[in-house]
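See structure below.
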Amino acid sequence: MKAIRNAFWASTALCAATAVSATELEVTHWWTSGGEAAAVAEIAKAFDATGHTWVDGAIAGSGNTARPIMISRITGGDPMAATQFNHGRQAEELVEAGLMRDLTDIAKAQGWTEVVNPPSLLDSCTVDGKIYCAPINIHSWQWLWLSDKAYTEAGLEVPTNWDEFVAAAPALVEAGKVPLAMGQQGWQQKGAFDVLMIALLPNDIYLKVNRDKDAEVAAGPEVAKIFEAISIARDLSKDSNVQDWNQATNMVITGQAGGQIMGDWAQGEFAVAGLTAGEDYHCLPGLGSKEILTTGGDAFYFPVLKDEEESAAQAELAALMLEPAVQVAFNLKKGSLPVRGDVDLEAANDCMNKGLKILSGGDSLPDINQLISSDTRTQLEDLLVEFFADTSITPQEAQERFADIIADAD
Ligand code: GAL
């Protein structure tokens with residue numbers, strides 16, 4: 001009898017131990033395109049392998065759709081266990097309200113301050129000396145993606161810089177192609193505006209406008225050149241009748257469009273479509289005019305949870321996101337660069353290797369989300385939506401309104 005009783009308690013203890021370790025965590029993010037879903041599945045797979053369970057909380061649409069939902073759940077007392085935000089200031093009010101978990105102990109135990117590169121990624125997670133997020137990748141907006149199919153069918157060479165891209169546009173139109181694919185959403189239009197500013201002007205103009213909020217520079221002759229350039233982009237994308245960024249990427253993938261200014265998350269779509277960088281498509285960092293990247297991308301934040309088991313599992317998930325194997329598996333699918341300088345992306349394609357080379361040379365600038373507040377970003381995106389929708393708005397009028405927003409920016 002005693003042997004049976006001991007066996008019963010042993011099995012109960014084992015179940016209890018298993019039950020304690022097997023915790024479900026809900027994770028929210030906005031990665032719903034083919035490439036994004038393939039990438040986030042790599043983190044989920046790694047977390048499930050620990051015995052815990054990743055409950056996927058994908059929110060369709062862009063970050064502008066997802067972030068208000070994430071924020072209202074956290075502030076409304078119904079927090080998820082982990083959530084994506086971009087590197088920078090998007091979660092600063094949640095952190096200041098004490099709603100987000102301090103990860104400093106985990107960061108120290110995992111040596112994040114020694115391995116994260118560039119260190120500015122951790123600076124973006126740090127408030128009052130404490131670390132509140134796990135940076136998971138480096139994405140840069142500074143890319144022009146070009147369809148070899150579109151240019152070949154139009155009898156053209158693939159452009160090697162923005163000026164050649166603009167010059168080739170009329171022949172693309174003649175061939176029935178859309179020169180510039182762009183989703184008709186403010187974050188995409190404003191993203192292209194920032195890429196043009198960085199590619200076509202000295203770096204300090206972008207910093208004076210967005211870091212220093214210098215309204216005089218924003219209203220000045222250098223930035224006027226960018227309003228002329230975005231006006232050309234408005235014309236070249238007028239027949240790009242799609243909404244989501246990956247629909248625009250698909251126009252390039254299928255050869256309906258010549259090119260798209262988009263962050264390097266577009267690579268995930270080319271990969272899922274089975275296209276080869278340097279053969280089926282080409283990529284121009286800094287629009288081919290200046291080899292530079294911005295250190296944008298994604299980080300996970302962890303709302304404070306009451307449940308001890310969930311909190312323990314949160315700590316495991318945060319640590320796991322920066323592990324070398326997870327960094328390689330996730331970033332190769334995502335088309336982004338790892339946040340660690342000590343991993344070998346031997347499977348990196350031609351475009352990723354261009355990015356790694358630029359990053360290792362230190363030619364990078366902060367991403368816009370690391371410089372301006374969400375409120376300022378929304379105002380600027382709304383201005384670009386209006387500018388693209390209403391061709392009666394002149395570059396000069398748009399620039400005046402731009403300078404006014406920068407004057408009040410925070
Ligand atoms: C960005 C994010 C990327 C990418 C993109 C489009 O904000 O950093 O990971 O997914 O949105 O959804």
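Data overview
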| read-out | value |
| --- | --- |
| Options Lys333, Lys306: the member that is among the charged types (D, E, K, R), outside the structural domain of Ala181 (by TED's automatic domain parsing), within 16 Å of the ligand (Cβ to nearest atom) and surrounded by fewer than 23 Cβ atoms within 10 Å (Cβ to Cβ) | Lys333 |
| Matching option when the condition is farther than 23 Å from Ala277 by Cβ, touching an Asp or Glu at 6+ places or on another chain (Cβ under 9 Å) and of a type in the set (Val, Ile, Thr), among Val158, Val223, Val173 | Val173 |
| Restricting the range 369-401 to residues that are farther than 18 Å from Gly183 by Cα and β-branched (Val, Ile, Thr), the residue that is farthest from the ligand (Cβ to nearest atom) | Thr394 |
| Cross-chain or 6+ apart pairs with Cβ under 7 Å, the range 284-306 first and closer than 30 Å to Val27 by Cβ, then among the β-branched types (Val, Ile, Thr) and in a strand (DSSP E or B) | Thr295/Ile138; Gly297/Ile138; Phe300/Thr83; Tyr301/Thr83 |
| Test: Trp162 is within 30 Å of Asn203 (Cα to Cα), within 16 Å of the ligand (Cβ to nearest atom) and not β-branched (Val, Ile, Thr) | no |
| Selection count where residues are buried (at least 21 other Cβ atoms within 10 Å of the Cβ) and either acidic (Asp, Glu) or closer than 22 Å to Ala299 by Cα (or both), scope the range 375-410 | 1 |
| Test: Leu275 is assigned by TED's automatic domain parsing to the domain that holds Ala41, part of a loop (DSSP other than H, G, I, E, B) and more than 17 Å from the chain's Cα centre (by Cα) | no |
| Residue check, Asp123 surrounded by fewer than 17 Cβ atoms within 10 Å (Cβ to Cβ), modelled with pLDDT of 95 or more and not polar (S, T, N, Q) | no |
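The values are calculated or read from the model by the stated rules, or taken from the named source; none is laboratory data. Note that the structure is predicted; figures quoted are calculated from it, not measured. Backbone-built Cβ (ideal geometry, glycine too); neighbour counts: all protein chains shown.
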